[in-house]
1. Taking the simple approach of a point 7 Å from Cα along Cα-to-Cβ for both S52 and H3, what is their distance in nm?
2. Tabulate in residue order the Karplus-calculated ³J(HN,Hα) for the range 49-60, using 6.51 cos²θ - 1.76 cosθ + 1.60 with θ = phi - 60°, rounded to whole Hz; enter x for Gly and Pro.
3. Taking the inverse of the average 1/r across all pairs of different Cα atoms in the range 12-51, what Kirkwood radius in Å do you get?
4. In Å, what Kirkwood hydrodynamic radius results for the range 4-72 from the alpha-carbon pair distances?
5. Using the Karplus curve 6.51 cos²θ - 1.76 cosθ + 1.60 with θ = phi - 60°, what ³J(HN,Hα) values do you get for each residue of the range 10-23, in whole Hz, with x for Gly and Pro?
Amino acid sequence: MHHEQQVCPRCGTAFECRVGDVTNCQCYGIQLSAEAEAYVQQQYPAQCLCRSCLLQLQQRYHLFVQQSHRYSQR
């Protein structure tokens, strides 16, 4: 199985990417909306991010959408 040492381009943390064994990869189970995934891909094209950064971006994007929705209703 293909495992690769990576450095997160967002925070600099080293992690192991398990592209050949996705169910055991550190990113497995993190669900991003299509919009959040597109945002991550735009900001970090063709790069893997560590689990912590993916979770932070997932939460921040969710909060951004909620706030945008609230302001649009005013």
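1. 2.0 nm
2. Coupling constants for the range 49-60: 10, 5, 4, 4, 5, 4, 5, 5, 5, 4, 5, 5 Hz.
3. The answer is 11.1 Å.
4. One over the average 1/r among Cα pairs gives 12.9 Å for the range 4-72.
5. Couplings: 8, 10, x, 6, 7, 8, 9, 8, 10, 4, x, 8, 4, 5 Hz.
A short reminder: the numbers here are calculations on the coordinates, not readings from a lab. Fair warning: this is a prediction, and the values are worked out from it, not measured in the lab. Don't worry about glycine lacking a Cβ; one is built from the backbone with ideal geometry, like all the others, and counts go over all protein chains shown.
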